[in-house]
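The values are calculated or read from the model by the stated rules, or taken from the named source; none is laboratory data. These numbers were taken from a predicted model, which means no experiment stands behind them. When we count neighbours, we look across all protein chains shown, and the Cβ atoms used for this are built from the backbone with ideal geometry, even at glycine.
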Amino acid sequence: MKLKNCLFIMGLLPFILSHGQLPGIEQSIHDLVKKQTEAIFDSLVIIRRDIHMNPELPGQEKMTSEKIAAYLESLGLEVRKKIGGHDVHTVIGLGIASVLARNRERLTGTVYFIFQPSEENYGGAKAMIDDGLFSIISPDEIYGLHVNPMPAGMISAKPDLVYAYLKIIRVSYKNQDDTQAVADFTRKTISRLQAVRSDSTFWDSRSLGDPVAGIANPNTIYRDYLAVDKNFDVELRGKNLDISVLLIGTNKEQLDSIPSFVEKQILRSQYASSLKSVSYVTEYPTVINDGDLTAKSLNSIMSVYGQNIAVPLHGVIPVMNDDFAYFQQKIPGVYYFLGGSNYQKGIVSMPHSPDFNVDEECIISGVRYFSSIIANRLTFK
């Protein structure tokens, strides 16, 4: 779909890049978006249920990819394959493509849709980039979404840090006979750094949505923190000992200073002569939203669909990071949360839970909101 320097990428997540707007005709395009989304809703539900009933393993989404490609080709869009899903995210992307294709004469720029595999194991986005994604496209902005437990129809985003920084620190010792004592000392040394009590509701993921403690409250317990995962990995290799643990924090500078601090504490202890190294062995990418684009895109949605559909976020999520961060390392963008719950019907769209369910009405919201963002970010004819 040829538009002017505009990107919309969607997969397990959606993404958009776009440019410009002219005043005076926004209402007409958004009215069309609303009507056309309603018109294709039933067909999108059928596709969503088909994908849901025929799941495929990460990186092996062959049948899903073929269905996506066929749908996009039926819209007259150019499809590039083999650059390297969640069912709700996927059909929202298809719906946006369908709505924008119907209005292509009104828009100028280029919109790209990325349907990405292997999202939550950090494999999909990086694989697509390594396969040359950005040698094929040159977007200016990128947008993504993920369903969450908010009521269907609600949407939220925040500038800057969305998920906490996640880093695995490893302390390595040599020639250790008393493994248990060394492990206990190392646990205490690292755990002493955190300001989160072991019995805090911080550790219960359900607290993220709590009206008092959760991320939507200005006084949330998830604003500024450093936490140490409860599970330390203790690995003995001969007489060498490796002790690793995940650190979760909102202050990058503080996290960067921790290996040096831990090393100093150990060098002052009885285990100084046995220390080999202290370092981060794994550092996960972190979703960081562009502040200007977050404000502009949120205002774009609220100006059309009302102020009450946006939930302000004040906290930083300590779990479930997303490899959308790899895209953001290349392009400024915004990661959104879209509500998929219906509490009256007993439907709670908590990702990665065994009782996950979704109110399919959220498909309408997703298609409408992101189609309108793109329409506002593009230049109208």
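Numbers below:
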read-out	value
Output for segment 328-345, where each listed residue is more than 17 Å from A157 (Cα to Cα) and aromatic (F, W, Y)	Y343
Candidates V311, V304, V348, filtered to the one that is under 18 Å from the mean Cα position of the chain (by Cα), β-branched (V, I, T) and either modelled with pLDDT of 90 or more or surrounded by fewer than 22 Cβ atoms within 10 Å (Cβ to Cβ) (or both)	V311
Some residue of segment 165-180 being at pLDDT 95 or above, over 12 Å from P318 (Cα atoms), touching a Pro at 6+ places or on another chain (Cβ under 8 Å) and surrounded by 18 or more Cβ atoms within 10 Å (Cβ to Cβ)	yes
Filter result (in contact with a strand residue (DSSP E or B) (Cβ under 6 Å, 6 or more places away or on another chain) and surrounded by 14 or more Cβ atoms within 10 Å (Cβ to Cβ)) within segment 229-244	D229, F232, V234, L241, D242, I243, S244
Top-ranked residue of segment 264-298 - restricted to ones that are of a type in the set (S, T, N, Q), surrounded by 14 or more Cβ atoms within 10 Å (Cβ to Cβ) and in a helix (DSSP H, G or I), ranked as farthest from the chain's Cα centre (by Cα)	S274
Of the criteria (1) aromatic (F, W, Y); (2) over 22 Å from the mean Cα position of the chain (by Cα); (3) surrounded by 19 or more Cβ atoms within 10 Å (Cβ to Cβ), which one Y222 fails	(2)
Selection within segment 232-248 - assigned to a loop (DSSP other than H, G, I, E, B) and at pLDDT 95 or above	F232
Segment 348-373 residues that are under 13 Å from F337 (Cβ atoms), paired with ones that are acidic (D, E) and in a loop (DSSP other than H, G, I, E, B) (beta carbon under 8 Å, 6 or more apart)	S349/D359
Check on N357, touching a Ser or Thr at 6+ places or on another chain (Cβ under 7 Å), under 18 Å from T250 (Cα atoms) and either hydroxyl-bearing (S, T, Y) or modelled with pLDDT under 95 (or both)	no
Answer residue from segment 100-142, given it is of a type in the set (V, I, T) and crowded, with 24+ Cβ neighbours inside 10 Å and is nearest to F324 (Cα to Cα) among those	I142
